[in-house]
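To keep things clear, I will list the structure first and then write my remarks on it.
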Amino acid sequence: MHGMETIIPCVLMRGGTSRGPFFLGDWLPADPAERDRLLLQAMGSPHALQVDGLGGGNSLTSKVAIVSRSTRPDCDIDYLFAQVSVDRASVDTRPNCGNMLSGAAPFAIDEGLIAAADGETSVRVHNVNTGAVIEAVVQTPGGRLTYEGQARIDGVPGEAAPVRLNFLDAWGAVTGRLFPSGLRQERVDGVAATLIDAAMPMVLLRAADFGLRGDESPAELDANAALLARLERIRREAGARMGLGDVSDSVIPKPVLLAPGSDPAILSVCSRYFTPHACHRAHAATGAVGVAAAFLMPGTVAHDCGGPAPRPGYRGVRVEHPSGGMDIDVKLDDASGEVRAAGLVRTARKIMKGLLYVPGRYGAARQEQDARHRLAARQPVAA
């Protein structure tokens with residue numbers, strides 16, 4: 001602590017197509033309200049450019065990951081995700097974020113929470129937001145974490161080490177049911193909709209029902225004020241039907257506009273995912289898992305966009321998005337025909353580690369000296 005500022009360790013990482021600071025839980029105040037106030041200050045919110053903080057003026061670069069040793073005996077780490085609003089003093093910890101999740105296991109290994117195995121390290125991640133368990137498989141050749149590799153993901157330049165995410169029980173994690181209203185399709189505000197809780201609570205809609213092709217650019221969709229207002233009306237009604245209550249101040253459920261994929265030779269669906277008030281420049285990983293799962297389940301709005309007849313085992317679905325696409329492997333349950341597991345590959349990169357200076361005093365945050373000692377102890381000196 002230094003005058004009226006708080007100084008804490010911080011690691012800035014890219015996770016998938018998102019970016020934000022990663023913290024160990026004990027670097028932050030224990031009280032959630034105090035923690036959220038600190039996160040707003042740290043990110044520079046509310047401000048359109050987040051010029052006085054770490055945020056990038058976009059919801060994809062205004063995300064926070066908080067990692068700690070797991071409170072669950074069947075998991076290795078707890079991962080709490082926080083979506084910090086850019087232009088409002090609001091922090092939402094209800095949803096998961098699969099893109100930022102891809103940085104959680106590498107961060108935990110880097111910070112000494114988990115020992116790396118030789119070759120690959122499998123980390124069981126408890127998503128505190130939703131209660132879901134996700135297996136993250138990280139590249140650790142010779143027992144050392146590497147961020148370098150040959151994996152490419154659309155929406156991120158260059159290549160990096162793959163991080164495989166296997167969603168094991170993300171079905172109904174937030175609401176308690178895969179289809180919270182008990183229906184695979186219903187009408188909301190006069191249009192067909194599928195309300196689904198699969199890795200992310202979403203309201204799936206057909207782009208054609210809004211007079212759209214479905215492959216419009218995010219800029220085009222974001223400029224359509226009438227569309228955004230209608231999607232928000234639908235989203236609020238869907239939230240109530242899903243048992244989420246008044247969602248006007250929450251980022252879930254997410255509205256998604258779907259259309260048939262561009263390549264009839266493969267299983268593909270075209271998706272425009274809203275975050276929720278603007279179209280994602282690529283796609284949420286959790287959202288893509290849910291869209292791919294719905295695409296394989298007859299009766300859903302997604303399946304109406306060219307989904308196949310059901311069959312057992314894993315099937316690959318390409319979810320097309322504004323920056324390219326995401327390949328998801330989905331397994332349906334033979335008996336119920338509902339999704340059982342899904343996996344995808346992301347990449348992550350450690351951008352920097354240092355000390356974060358936050359205006360104001362925050363009780364439980366680490367003292368400056370302690371933060372400096374910890375940083376120095378973990379900082380390898382370049383040869």
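The values are calculated or read from the model by the stated rules, or taken from the named source; none is laboratory data. None of these values were measured; they are calculated from a predicted model. Quick reminder, even Gly has a Cβ in these numbers, built from the backbone with ideal geometry, and neighbours come from all protein chains shown.
Matching residues to (1) among the hydroxyl-bearing types (Ser, Thr, Tyr); (2) in the same structural domain as Asp154 (by TED's automatic domain parsing); (3) under 13 Å from Leu205 (Cβ atoms):
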position: Ser248; (1), (2), (3): yes, no, no
position: Cys270; (1), (2), (3): no, no, yes
position: His277; (1), (2), (3): no, no, no
position: Arg281; (1), (2), (3): no, no, no
position: Gly290; (1), (2), (3): no, no, no
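In segment 39-49, how many are surrounded by 14 or more Cβ atoms within 10 Å (Cβ to Cβ) and either more than 18 Å from Leu355 (Cβ to Cβ) or outside the structural domain of Val125 (by TED's automatic domain parsing) (or both)?
Of all residues in segment 39-49, those surrounded by 14 or more Cβ atoms within 10 Å (Cβ to Cβ) come to 39-47.
Cutting the leftovers down to either more than 18 Å from Leu355 (Cβ to Cβ) or outside the structural domain of Val125 (by TED's automatic domain parsing) (or both) gives us 40, 45-47.
Total meeting the criteria: 4.
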Those residues of segment 17-56 which are more than 20 Å from the chain's Cα centre (by Cα) and among the β-branched types (Val, Ile, Thr), in sequence order = Val51
Segment 138-152: number of residues that are within 19 Å of Leu344 (Cα to Cα), among the aliphatic types (A, V, I, L, M) and at pLDDT 95 or above = 1
remark   = Within segment 213-226, the residues that are closer than 23 Å to Ala288 by Cβ, among the hydrophobic types (A, V, I, L, M, F, W, C) and surrounded by fewer than 20 Cβ atoms within 10 Å (Cβ to Cβ) are Ala219
inquiry  = On the basis of being assigned to a loop (DSSP other than H, G, I, E, B) and at pLDDT 95 or above, does Glu216 make the cut?
reply    = yes
inquiry  = I'm trying to understand the selection: among the residues of segment 292-326, which are in contact with a Leu (Cβ under 9 Å, 6 or more places away or on another chain) and either assigned by TED's automatic domain parsing to the domain that holds Gly98 or among the acidic types (Asp, Glu) (or both)?
reply    = Asp304
key: Residue satisfying all of: in segment 242-275; surrounded by 19 or more Cβ atoms within 10 Å (Cβ to Cβ) and charged (D, E, K, R); nearest to Ser85 (Cα to Cα) among these   = Lys254
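Quick check, is Val174 touching a residue at least 60 places away in the same chain (Cβ under 8 Å) and part of a loop (DSSP other than H, G, I, E, B)?
Values: touching a residue at least 60 places away in the same chain (Cβ under 8 Å): yes; part of a loop (DSSP other than H, G, I, E, B): yes.
The answer is yes for Val174.
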request  = Collect the residues in segment 177-200 that are part of a strand (DSSP E or B) and within 18 Å of the chain's Cα centre (by Cα), keeping them in residue-number order.
outcome  = Ile196, Asp197, Ala198
ask   = Among the listed residues Val137, Val156, which satisfies the condition of being crowded, with 21+ Cβ neighbours inside 10 Å and out of contact with any Cys (no Cβ under 9 Å at 6 or more places or on another chain)?
value = Val156
query = Based on what the data block shows, is Val133 touching a Leu at 6+ places or on another chain (Cβ under 9 Å) and either within 21 Å of Arg349 (Cβ to Cβ) or at pLDDT 95 or above (or both)?
reply = no
ask   = Of all residues in segment 162-212 being out of contact with any helix residue (DSSP H, G or I) (no Cβ under 9 Å at 6 or more places or on another chain) and of a type in the set (S, T, N, Q), which is surrounded by the fewest Cβ atoms within 10 Å (Cβ to Cβ)?
value = Asn166
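Can you go through Asp87, Asp52, Asp36, Asp26 and tell me which one is farther than 18 Å from Leu356 by Cβ and surrounded by fewer than 24 Cβ atoms within 10 Å (Cβ to Cβ)? Show your work before the answer.
Values: Asp52 fails: farther than 18 Å from Leu356 by Cβ; Asp36 fails: farther than 18 Å from Leu356 by Cβ; Asp26 fails: farther than 18 Å from Leu356 by Cβ.
Answer to the check: Asp87.
Here are some residues: Thr300, Thr286, Thr275. Which one is of a type in the set (Val, Ile, Thr) and farther than 27 Å from Leu332 by Cβ? Break it down into steps so the answer makes sense when it comes.
On the way: Thr300 fails: farther than 27 Å from Leu332 by Cβ; Thr286 fails: farther than 27 Å from Leu332 by Cβ.
Going through Thr300, Thr286, Thr275 in turn, just one is of a type in the set (Val, Ile, Thr) and farther than 27 Å from Leu332 by Cβ: Thr275.
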ask   = What number of residues within segment 324-361 are assigned to a strand (DSSP E or B) and under 17 Å from Trp171 (Cβ atoms)?
value = 11
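In the set Gly103, Gly149, which member is assigned to a loop (DSSP other than H, G, I, E, B) and in contact with a strand residue (DSSP E or B) (Cβ under 8 Å, 6 or more places away or on another chain)? Explain how you work it out, then say what you get.
Numbers: Gly103 fails: assigned to a loop (DSSP other than H, G, I, E, B).
Checking each option against the conditions leaves just Gly149.
Take Leu113 and decide whether it is modelled with pLDDT of 95 or more, on the phi < 0 side of the Ramachandran plot, part of a loop (DSSP other than H, G, I, E, B) and not charged (D, E, K, R). Break it down stepwise before answering.
Values: modelled with pLDDT of 95 or more: yes; on the phi < 0 side of the Ramachandran plot: yes; part of a loop (DSSP other than H, G, I, E, B): yes; not charged (D, E, K, R): yes.
Criteria met by Leu113.
Working carefully through the options Ala278, Ala309, find the one that is at pLDDT 95 or above, surrounded by fewer than 18 Cβ atoms within 10 Å (Cβ to Cβ) and of a type in the set (A, V, I, L, M).
Working: Ala309 fails: at pLDDT 95 or above.
The match here is Ala278.
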note = Out of (1) under 17 Å from the mean Cα position of the chain (by Cα); (2) surrounded by 19 or more Cβ atoms within 10 Å (Cβ to Cβ), the one Ser70 does not meet is (1)
